[in-house]
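A short worksheet on the structure shown next.
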Amino acid sequence: MTATAAVTIEDQRVAEDIAQFKQLGGEAMLRLTDAQVTYVYGTNVYLRDASAAIVLSNCGFSLKAGNVLNGSVFGAYAESNKMPQFMPVGNKTTSEDFTVASGSTPRGRHVWLRDLTEADYADMVVVDTVRLVRDNGVWAVSGSHRARLNNSFGLRNVKVPSTIDGKYFSVTAIFGTNMLNGEVIDELKLLKSPTEVPAPSGISSVTVDPEPRKTFNLAGQRVADGYRGIVVTEGRKVVVR
C-alpha cells in the first residue's frame, strides 16, 4: 500500500533588484546583481545596484566598502524615518546564497541637489556646486532645495570649512534623513569634508526660464524676483526674460 500526501509549496515573492524589493514591501527574496557596498557603519551596510540603494540593517554580514555581491538573500523591507532598510527574518536571512567579491573603491553618483528625491535615500552621492548656509546647522542649498550636512559617521578630519559665504562646494555623502523639530529632513551624511569649487561660469548651458525664481547675479549677489538677465539659480546659469 502506498501512502500519498499533498504538499503545499509556499509562493515566494522575488525581487529582481533593489528598486523592485522596495516596491514589493514586506518579505521577499532579493536578487543581487553586481550590488556594491558603498559604506559600512556599525551594523548598517549601505548597498546599491544599478536600480537603487538600501541599508542592510543588523543582518550580521561580514562586508566592507567596495565588496560586490551576487546571488540572492531573503529579508523584509522596512523604513526608518523614510530610510529604506533590508531587515533580517529569523534564520531565513543568511549569506549562503550570495557571493562576495572584492571591488573597486566606491564612488559617489554625481547629482544636482534639486534632482535628489526619496528614491535616492541610502545612496552615495557627490552633490555638485551648492552653496552652504548656517541655519540651525549647516545646509547645502540650491534654490528652494535644502539638505543638512552632518558628520553622522563621526569621521575624523571631516569638517565644514569655516568660511562659506559667497562660495560653492562639492559634497560627498550618503544621502539620507534625520529628525529636526519632530519632522523628517533630508541630510547629507558626510564622507569627506566639503570641497570648494569654482562658482558657476560660462554660458554653455544657458536655458530660457519664463518664470523668475530666487536668483543671484553673476557677482553672487541676491537679486529681486523681477530681475531680468543672466542669473545663477539652483547652481546653473539661466536667462530670465
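State which entries of LYS22/LYS167; LYS167/LYS189; LYS82/LYS159 exceed 29 angstrom in Cα-Cα distance in the structure shown.
LYS22/LYS167
Take every Cα pair under 8 Å in the stretch 126-187 that's 6+ residues apart, average their separations, divide by the length, and report that relative contact order as a whole percent.
It comes to 37 percent, rounded to a whole number.
Show me, for the stretch 187-196, the HN-Hα J-couplings you get by feeding each phi into the Karplus relation (A = 6.51, B = -1.76, C = 1.60, θ = phi - 60°), rounded to Hz, glycine and proline as x.
Karplus-based 3J(HN,Hα) across the stretch 187-196 equals 9, 9, 7, 4, 10, 9, 5, x, 10, 5 Hz.
Return the long-range amide H neighbours of ARG13 (sequence gap of 5 or more, or a different chain), with a cut-off of under 5 Å between placed amide H atoms.
MET29
Sequence-distant or interchain residues sharing an amide H contact under 5 Å with LYS192, placed H: which?
THR172
Each residue of the stretch 46-59 in turn: what ³J(HN,Hα) in whole Hz from Karplus with 6.51, -1.76, 1.60 and θ = phi - 60°, glycine and Pro shown as x?
Result, ordered by residue: 8, 10, 9, 10, 5, 9, 5, 10, 7, 9, 7, 9, 6, 8 Hz.
Per 5 Å bin from zero, what fraction in whole % of the C-alpha pairs of the stretch 119-187 is there, up to the bin with the longest pair?
4, 14, 28, 29, 18, 7, 0
Once the principal axes of the Cα atoms of the stretch 17-140 are found, what is the range along each, listed largest first in whole angstroms?
Extents along the principal axes, in whole Å: 47, 30, 25.
Where both partners of a DSSP beta bridge lie in the stretch 8-122, what percent of those bridges are antiparallel, to the nearest 5?
Close to 90 percent.
Per-residue HN-Hα couplings for the stretch 110-117, Karplus 6.51 cos²θ - 1.76 cosθ + 1.60 at θ = phi - 60°, whole Hz, x for Gly and Pro?
Each residue's phi maps through the Karplus curve to give 6, 9, 8, 4, 5, 8, 6, 9 Hz.
Can you list residues from other chains, or at least 5 along the same chain, whose modelled amide H is less than 5 Å from the amide H of ALA52?
Amide H to amide H, under 5 Å and 5 or more residues apart or across chains, ALA52 pairs with ILE18, ALA19.
Leaving out ligands, DNA and RNA, and with a 1.4 Å probe, what % of the accessible surface on the stretch 36-113 is carbon or sulfur?
The value for the stretch 36-113 is 46 percent carbon and sulfur by accessible area.
The values are calculated or read from the model by the stated rules, or taken from the named source; none is laboratory data. Just so you know, these numbers come straight off a predicted model, no measurement behind them. Ligands, DNA and RNA are stripped out before the accessible areas are found, and what is left, the full protein with its side chains, is counted by its heavy atoms. Shrake-Rupley method; radii C 1.70, N 1.55, O 1.52, S 1.80 Å.
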